[in-house]
Amino acid sequence: MSRALAIVRANWLTALSYRLETMFSFLGLFIAVVPLYFISHALQPMMANSIKAEAPEYFGFLIVGWIGLSFVNTAVTALHGALSGEISTGSFEALLSTPTPVPALLAGLLGHALTMNVIRATVILSFATMFGLHIVWSSALTGLGILFLILLSYLPFGIAAAALVLGFRTTGPFPAIVFAGSALLGGVYYPTQVIPSWLAKMSVLVPLRYGLKSLRRTWLDGAPLSASFADLGVLVGMILVGFVLSLSAFTLALRYAKRAGTLAQY
Amino acid sequence: MPTTIDPVTPPISEPAASRTRVAVSVKNLSKRFRVRRPFIETLRHPFDQKYMQALNDVNVDIHEGEFFGFLGANGAGKTTLFKTLATLVSPDQGTVIVDGFDVTTHAADVRRVLTPVIADERSLRWRLSARENLRLYAVLYGLPARKVAARVDEVLEIVGLDPADDKLAGRFSSGMRQRLLIGRALIPQPRILLLDEPTRSLDPVSARTLRAFLREEICKRLGCTILLATHTSEEAFELCDRVAILNQGRQLAIGPADKLQLEFGEDHYLLRTRTADHPAFDLLARRAVIGQPVIRGIDDEGWVRMEVAIPGGPDTAAAALQQLVQQGVSVARFERVELSLGELIQRVITRKAGGRRE
């Protein structure tokens, strides 16, 4: 754990040394919330009926969907992005030369992006609250826990993408497909019941669908965690299967890269 | 099997008692890599494979406290060997034991005793200070939290970067960055240190300073076993107790640096004379005291630079010089020729081929 935190700390200090970039990234969030507010209010009469099972207002529905999707993005893209950077600078080799276990290295590489995402989510929620979003703040921590489960459910895709980088130096369209598929079928911008039936069948395979339903119930309706047990159960099952498969893929990719001598080549 | 001059001779600078323990043992190590083929060729013959032999039956035992050099041109297999030792490349054949641990089955244990100095400056975190760079690796190497700060201070002092500890690594000179890379590898107090061409990006003055630092501080004072990969024969013979010469993955020769230098580089001498056509040269050549002289050039003042082979060591060379002078050859300069790496490798190969014919 301390080793992963040390990498997070180093990445954090590096990111903070680019002060202007950090400042602009937060400013950009504020600018993004404003159009979302006006669009959601314009669409509110049309969407009210279809979203009522998940959220009282379309603005809240969109904001929670957006935050959930940002965690999906972090889980799917941050790890292979960080890994590519470390490989191309030669520091991945330096990291692997230490006795640090590979899972700790992966956690460390992901940690900074995750921390930034938590901060961004907090900033988005704060801005959205200024625009009238109603959040049940007593459920804030439970919601964070659900967000963490969403992240874990997508992390196997991120680990698989990192395995592709290790083995083939490219992820191909894999992360984009996962991200776009989740955005379209996961209930981010509209509830899954409005999707055509043949597509809706595919959406049962999308972890975000279960995570967002639970998150909206918790944050926007203040429902207890027990109300989301069924959805969260599916999510946990997906996490377990996903981790077994993706860690096996990563181990194989690492072994292949050591055999092929490509660990530090980009 | 490679030409082994004296495989069990311990490092010259160490006392006999400390020379017995083997720190690194490489037995019959071979490694080959698949060669990437052009796209069209891959389509036409999808199942054909081409391989490049990076290491071919390498055998070496390196003793504790030894400064050992691997000398070879680019593509000789030095880096592959180092990456295998550092558990970053898995061997195809053979065994590699580091401090009693097999690199294949006990990689984590190997990484606790052996650290490679990753020579690529970009592997440093340029936006972090020297102290923060070292602090990160102190934690990654598993140092207890309470000892991290003290160890970082200690290493900064060893590598002479304590006055610049809070300066960003990106603002360091190349020499300072090399020191920081070495410092990073010293953090866990490794018993074995791998240095892959540490002076390649340095100017001659910084390179000389770094060599002295490696020899005096790291090897002698800290007692590290150092494995150095270099393509500079001067560096290998100046720094190392023993040297192995690698060429295209094969280990051509191994032995104490001074003996290797003597064995393969002793018989060529450069002399400056005004009387290159003096009959004494022919006379001594006919008697096989010297080889046939080769003129290398004439300088502005009319002195001729000649290279001549004199087999038999320094005493024979001194006697030959005496005979030339006694017979009236004017000699302004007489010195042994320092071999380039290419010439050295060529001589080792020629000597081996000769040995086989015999």
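Being within 14 Å of another protein chain (Cβ to nearest Cβ), crowded, with 23+ Cβ neighbours inside 10 Å and either of a type in the set (D, E, K, R) or out of contact with any Pro (no Cβ under 7 Å at 6 or more places or on another chain) (or both): is that true of B:G183 here? In short, yes. Looking only at residues in segment B:295-321 that are over 30 Å from the mean Cα position of the chain (by Cα) and of a type in the set (A, V, I, L, M, F, W, C), the one that is surrounded by the most Cβ atoms within 10 Å (Cβ to Cβ) is B:A320.
Among the residues of segment B:293-340, those identified as outside any helix (DSSP H, G or I) and polar (S, T, N, Q) are B:Q327, B:S330, B:S340.
Checked against the criterion of being within 13 Å of chain A (Cβ to nearest Cβ) and in contact (Cβ under 8 Å) with a residue 12 or more places away in the chain, segment B:64-73 contains not a single residue that satisfies it.
The listed residues are B:H231, B:H278, and the only one of them that is surrounded by fewer than 21 Cβ atoms within 10 Å (Cβ to Cβ) and free of Cβ contacts under 8 Å to residues at least 60 places away in the same chain turns out to be B:H278. Considering B:K220, B:K167, the condition of being among the basic types (K, R) and at pLDDT 85 or above is satisfied by B:K167 alone.
Here's the yes/no breakdown for (1) within 14 Å of chain A (Cβ to nearest Cβ); (2) surrounded by 18 or more Cβ atoms within 10 Å (Cβ to Cβ); (3) among the β-branched types (V, I, T); (4) assigned to a loop (DSSP other than H, G, I, E, B):
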site: B:A150; (1), (2), (3), (4): no, no, no, no
site: B:D153; (1), (2), (3), (4): no, no, no, no
site: B:M176; (1), (2), (3), (4): no, yes, no, no
site: B:L194; (1), (2), (3), (4): yes, yes, no, no
site: B:S201; (1), (2), (3), (4): yes, no, no, yes
site: B:T209; (1), (2), (3), (4): no, no, yes, no
site: B:K220; (1), (2), (3), (4): no, no, no, no
site: B:E235; (1), (2), (3), (4): no, yes, no, no
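Here is a yes/no grid of residues against (1) in contact with an Asp or Glu (Cβ under 6 Å, 6 or more places away or on another chain); (2) among the small types (G, A, S); (3) within 14 Å of chain B (Cβ to nearest Cβ):
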site: A:V8; (1), (2), (3): no, no, yes
site: A:W12; (1), (2), (3): no, no, yes
site: A:L27; (1), (2), (3): no, no, no
site: A:A53; (1), (2), (3): no, yes, no
site: A:W66; (1), (2), (3): no, no, no
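From the residues in segment B:134-148 that are facing chain A (nearest Cβ under 9 Å) and assigned to a loop (DSSP other than H, G, I, E, B), which one is surrounded by the fewest Cβ atoms within 10 Å (Cβ to Cβ)? So the residue we want is B:G142. Check whether at least one residue in segment A:158-171 is part of a helix (DSSP H, G or I) and touching a Gly at 6+ places or on another chain (Cβ under 6 Å), and report yes or no. Within segment A:158-171, not a single residue is part of a helix (DSSP H, G or I) and touching a Gly at 6+ places or on another chain (Cβ under 6 Å).
Residue check: is B:R287 surrounded by fewer than 13 Cβ atoms within 10 Å (Cβ to Cβ) and either modelled with pLDDT of 85 or more or touching a His at 6+ places or on another chain (Cβ under 6 Å) (or both)?
Values: surrounded by fewer than 13 Cβ atoms within 10 Å (Cβ to Cβ): yes; either modelled with pLDDT of 85 or more or touching a His at 6+ places or on another chain (Cβ under 6 Å) (or both): yes.
So B:R287 passes the test.
Scanning segment B:97-133 for residues that are of a type in the set (V, I, T) and either more than 9 Å from chain A (Cβ to nearest Cβ) or not in a loop (DSSP other than H, G, I, E, B) (or both) gives B:I97, B:V98, B:V103, B:T104, B:T105, B:V110, B:V113, B:T115, B:V117.
The values are calculated or read from the model by the stated rules, or taken from the named source; none is laboratory data. For clarity, every value in this text was computed on a predicted model and none was experimentally measured. Here Cβ is always computed from backbone atoms with ideal geometry, including for glycine, and neighbour counts include all displayed protein chains.
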